[in-house]
Each structure stands twice: as structure tokens, then as C-alpha cells.
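To keep things clear, I will list the structure first and then write my remarks on it.
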Amino acid sequence: METKTITYRKMTIEDIDQVLLIEEEAFAHPWTREAFEHEMTTNLYSYYLVAETEEKDIVGYCGMWIVMDESHITNVAVAERMRGHRIGEGLMREAIRIVKEQQGVLMTLEVRVSNTVAKNLYYKLGFQDGGIRKNYYTDTQEDALVMWVEFK
């Protein structure tokens, strides 16, 4: 597959249909339409990004909560057909840019202890290990590694 030009922008309500397809493909227990609608319309702390091709095809998304000067990544997913094209990295770099722009000083996230690809990306972006949340993932009871990065 040829590399497409990807742009990153703030997610809108109109993007939910495409985001749900990625969510369902990526996760054993995907978020519901209602959960995304709540994040987009009610949660004052949420900020969601999408990765989009020139053809307006959404191929990834990243959600976070920004509270005061801290941020927490809630979810990141890339369409299976587009994995390996650094879209996850692009989404994370854009999330970090937005948090820094808003004077954020800290970002945290949880990742499956077995998800080496994601952990390696987060290490590349400066994240450090922060601890373990036992049995965090309800589908497999897998532990989550808590990771964080501080912006100076």
C-alpha cells in the first residue's frame, strides 16, 4: 500500500461512525456510540483527535482528558489496514503538542503489559514506567502498565 498523506484534526460528532469502526476492530470491549457522544458533548475535559487521509477517510483516533495541567490518554487506535505507517505516533505527537500548547506538564496512560509495539512507541516519546494496575483489562484480566511523561 502506498503511503497516504495523513492530517490530524480535532474530532467532531460527525466522525463517530468512522471512529466506531476502528474501535470495534481494535478492542475486545469497544466503546459505544453513547460513550463517544458523551465525550464529545458532555465531558468538558475531553479532547479527541482523528487521523484522516486526503480522501477524508478516518484511519485512527486518540482521546484524552485534559484537567488543569495534566492529561490522561483514554484511547488510541489505528485502522488495522493502516498500522505500521506511524499514524499512532502521529496521533500521540499531536496530542502532546496540544497538551503543551495548553500549558500541560504531565501526560499519563495505561497500556497492556503485553503490548510491546505500543510500549516501544511510548518509550520513544519519552514516557516512563509508573506502576502496574493489576487485572486492569476486563476481557483477559491482563495487567496494565501505567506510563507517564513530564513536559519541561
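Structure above, values below:
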{"quantity": "Where labels lie 7 Å past Cα in the beta-carbon direction, separation of Glu25 and Thr53 in nm", "calculated": "1.0"}
{"quantity": "Inter-centroid distance (Cα atoms) of the range 78-139 relative to the range 61-75, Å", "calculated": "11"}
{"quantity": "Spacing of the two label points (7 Å from each Cα toward its C-beta) at Ile13 and Glu34, in nm", "calculated": "1.7"}
{"quantity": "Accessible surface, 1.4 Å probe, highest first, among residues Thr5, Thr53", "calculated": "Thr5, Thr53"}
{"quantity": "Inter-label distance for Lys100 and Tyr45, nm, one decimal - labels placed 7 Å from Cα along Cα-to-Cβ", "calculated": "2.3"}
{"quantity": "The chain, accessible surface, carbon-and-sulfur percent (1.4 angstrom probe)", "calculated": "51"}
{"quantity": "Given charges at Cβ of Lys, Arg, Asp, Glu: the range 33-84 dipole, positive-most of His72, Met82, Tyr45", "calculated": "Met82"}
{"quantity": "Efficiency of FRET between Thr116 and Lys4 - r from beta-carbon atoms, R0 35 angstrom, step 0.05", "calculated": "0.85"}
{"quantity": "From the C-alpha gyration tensor of the range 22-99, square roots of 5λ in Å", "calculated": "20, 16, 11"}
{"quantity": "Where Lys56, Lys119 fall by accessible area, highest first, once all protein chains stay in place (1.4 Å)", "calculated": "Lys56, Lys119"}
{"quantity": "Chain lengthening between Arg81 and Asp143 when straightened (0.36 nm per residue, less Cα-Cα)", "calculated": "19.6 nm"}
{"quantity": "Solvent-accessible area per residue, Å², over the chain with all protein chains present [probe radius 1.4 Å]", "calculated": "56"}
{"quantity": "Mean projected area (nm²) of the alpha-carbon convex hull when the chain is viewed from all directions", "calculated": "9.0"}
{"quantity": "Cα-based shape type of the range 63-128, given that a ≥ b ≥ c are square roots of the gyration tensor eigenvalues and the cut on a/c is 1.5", "calculated": "prolate"}
{"quantity": "Relative contact order of the chain, pairs being alpha-carbon contacts under 8 Å that are 6 or more residues apart, as %", "calculated": "18"}
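The values are calculated or read from the model by the stated rules, or taken from the named source; none is laboratory data. Note that the structure is a prediction, hence the values are computed from the model and not measured. Methodologically, a virtual Cβ is constructed for each residue, glycine included, from the backbone with ideal geometry; neighbour enumeration extends over all protein chains shown. SASA here: full protein model, heavy atoms, side chains in, ligands and nucleic acids out. Shrake-Rupley method; radii C 1.70, N 1.55, O 1.52, S 1.80 Å.
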